[in-house]
Amino acid sequence: MTAPRRRLAALDVDRLIGDPATRIIVTCGSGGVGKTTTAAALALRAAESGRRTVVLTIDPARRLAQSMGLTELDNTPREVEGVADGRLFAMMLDMKRTFDEVVAAHSTPERADQIFANPFYQALSSSFAGTQEYMAMEKLSQLAEPPPGNPEWDLIVVDTPPSRSALDFLDAPQRLGRFLDGRFIRLLAAPAKAGGKAYVKVLSASFGLMSKAVTKILGGELLRDVSAFVASLEAMFGGFRERAEHTYRLLKTPGTAFIVVASPEPDALREASYFVERLVGEQMPLAGLVVNRLHRPAGGDRLSARRAEAAADKLGDRASSDAVDLAEAALRVHAEIAEAGENDARMVRGFAAAHPDVALIAVPALPTDVHDLTGLRLIGELLAAS
Amino acid sequence: MAALGRAVGVYAEVMVAVPRSGLPALVAGIPRAARLHIVTGKGGAGKTTTAAALAIALARGGQRVLIVEVEGRQALARLFDVPELPYADRHLAAAPGGGEVVGLSIDPEEAFIDYLELFYNMKRSARIMQRMGAVDFVTTLAPGLRDVLLTGKVKERVTLNEQGRSAYDCVVLDAPPTGRIRQFLDATREVANLARFGPINRQSQGVVELLHSERTVVHLVTLLEEMPVQETVDAAHELTEGGFGLGAIVVNRARPHYVRPGQLADGRLSRAVLRRGLKLAGVDVDLTDELAQQMIEYEARQDVQRANADRLDAVAVPRIELPELAPPVGVGELSELSDYFVIDE
């Protein structure tokens, strides 16, 4: 179990969250690896060390959310009760509301209503792949640069959306920005501005063919919705792409730390690998990797899975008695956990070999799910202890 | 592993059904009329593995089964240990009785260009559109069109066969995760609303029909943990409400029960008794306390697991439990897992 940690640069969590220069921590990784729990535990630990902290969660488990006093999506940081010596605020991202707020903040009420009523906007704001990521970035940007008069946060911890791939978080906002700001959509928007007919004349032959195809495929109504939407958006704010790029730059500043989260499973670690390589490639500030839920068999490596299994088999051949049955059960349990532990260690070693410079923390599996501040505090201790 | 047995859910009466010409006798709850098996689940719950094992199960007895992935992750290629799948049907594995599993990784951009060619015979301008970013627009961000293209392509594979032209007895879809599944399957309906005319609209109608017919079932893959179970229960509810037929709930990586009721005496298990037993087994008795503690913690996890299993009872569909296998999982393991979908005869 301890073998993989020997050679690794350890990630010093307390130094990271205690450093006043650390302003933003982003936890990322594939779904189901304990990202949200890690984010919440880091935020709580930072708050209890005296930093005024806010944690932005995307889709927390119900009981975890309740433990922080979050009962519904409401897009405003709420203070978490029960925090010792410090202040922690938490919020759950409401994607649609965030989008609505962006629109409302940058247009007249009349125009905003027009946009809200547009079917294309409704679909875009509530159901598009990519919108959640974009809005998470938008919200982060709002938290990092609060409106005048509002106090700044010492530390913002952001959980990322459960994406198909961890990279979506980095790509989706720019993709959405590129799309809303792009050449093609401007072309689509043109008829609304130019009154339709003139548009066709200007276009070259292949353009004409193409727009005809788009009209045919998507249906004219959709095109008109899109055109109206883009035309009304364009007038009011300086381009989606620009906003997305702004947040992207914010993430590249030294005050930001990315923590990649994984579980000791091939898929999760592969995603973690992609993410680590990407962050390094783009010179994003990578703090390290947290591997959650490692199995730690009793007695460390003093009793291997194979030997436990063999000993249990030996007992299985004997006449049943309380002692024989109890020891057999204990050994079968041990074999199960030791085997899982051996697999975990192999997985982590593989990652460490491929990324020797990435600092790493291994967090052992807890016997039960974390769903209160006590549990989060314990995770925080485990993170700091590695 | 053997200790697990062949677990069939509490609701499942083990029906030994008469196979429809060569189709293997599947666990009850996998409707016999089903031609399209949609597999969804929380990310990390083992969706792709389950879909692949199901495909192998369906292919037994000489069936040809197509397994389709739509998220471009090349997870099938890795699982079956074959080179990256192109946008074309490729052999993945043989199944007992002359069956075959074929894989397809659908690329939304290519699917879109297919449509342009199919409906308008305009592949060249499609390429121009691709360069313009128009295809990216349509497949990535236009309302659900990406999902429409993907489900449309899946439908093509299912229905071609009914016209007697193509080769698949069943199609298994490794679908997006539970959080997105309703949106994915309903995308066609959405588009029918947005694109009120045109070929995409017409195409949509056919897809909506297939997905809501008895030829389609949705299987839900879960772990016995809080979030995955919650998502599964929610998704089952949503899907039923949306008029989709449910197949089975597949529980992955459930830990076996080794400890008998009462054996731990409510956490006060006798170290002396355990020590005696360990001695008989020739195990270092210095480990007694740690092994006792480990057993108590294991049981605490098992209690959580049982409670989560009970919560799944809210969904009245059969349950299939798959054992945990040591990674990496390959074709051998998949074949082993496929046993759990088939009834012994």
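Readers should treat all values here as calculations from the given coordinates under stated rules, not as data from a laboratory. Keep in mind the model is a prediction, meaning the values are calculated, not measured. Every residue, glycine as well, gets a Cβ built from its backbone with ideal geometry; the counts of neighbours run over all protein chains shown.
A viscosity of 0.692 mPa s and a temperature of 37 °C, combined with the Kirkwood radius over Cα pairs in Stokes-Einstein, give a translational diffusion coefficient for the range A:305-344 of 326 µm²/s. Applying the Karplus relation 6.51 cos²θ - 1.76 cosθ + 1.60 with θ = phi - 60° to the range A:351-362 yields 3J(HN,Hα) values of 5, 5, 5, 7, 10, x, 9, 8, 5, 9, 10, 9 Hz, where x marks Gly and Pro.
Taking every residue in A:360-372 and counting other chain Cβ atoms within 10 Å of its Cβ, the average works out to 2.
Amide H to amide H, with H built 1.01 Å from N, residue B:105 comes under 5 Å of B:69, B:88, counting only residues 5 or more places away or on other chains.
Note on residue A:72 and residue B:88: the model spin-label points, each 7 Å out from Cα along the C-beta direction, lie 5.5 nm apart. Peptide packing: for A:117-125, A:316-324, the average count of neighbouring Cβ atoms within 10 Å per residue gives the ranking A:117-125, A:316-324, highest mean first.
Using only atoms on other chains, find how many Cβ atoms lie within 10 Å of each Cβ of peptide B:326-336 and report the average. Don't skip to the answer; put the middle values down first.
Working: counts 6, 9, 3, 1, 0, 0, 0, 0, 0, 0, 0.
Per residue, the number of nearby Cβ atoms from other chains is 2 on average.
Please sort by residue number the GluC sites (Glu not before Pro) in the range A:42-146 whose DSSP state is loop and whose Cβ has at most 15 other Cβ atoms within 10 Å. Answer in residue order: A:72, A:81.
Taking beta carbons within 10 Å but only from partner chains, what does the mean come to for residues B:251-257? Kindly include the intermediate steps, with their values, before the conclusion.
Working: counts 0, 0, 2, 0, 4, 3, 3.
Going residue by residue through B:251-257 and averaging, the value is 2.
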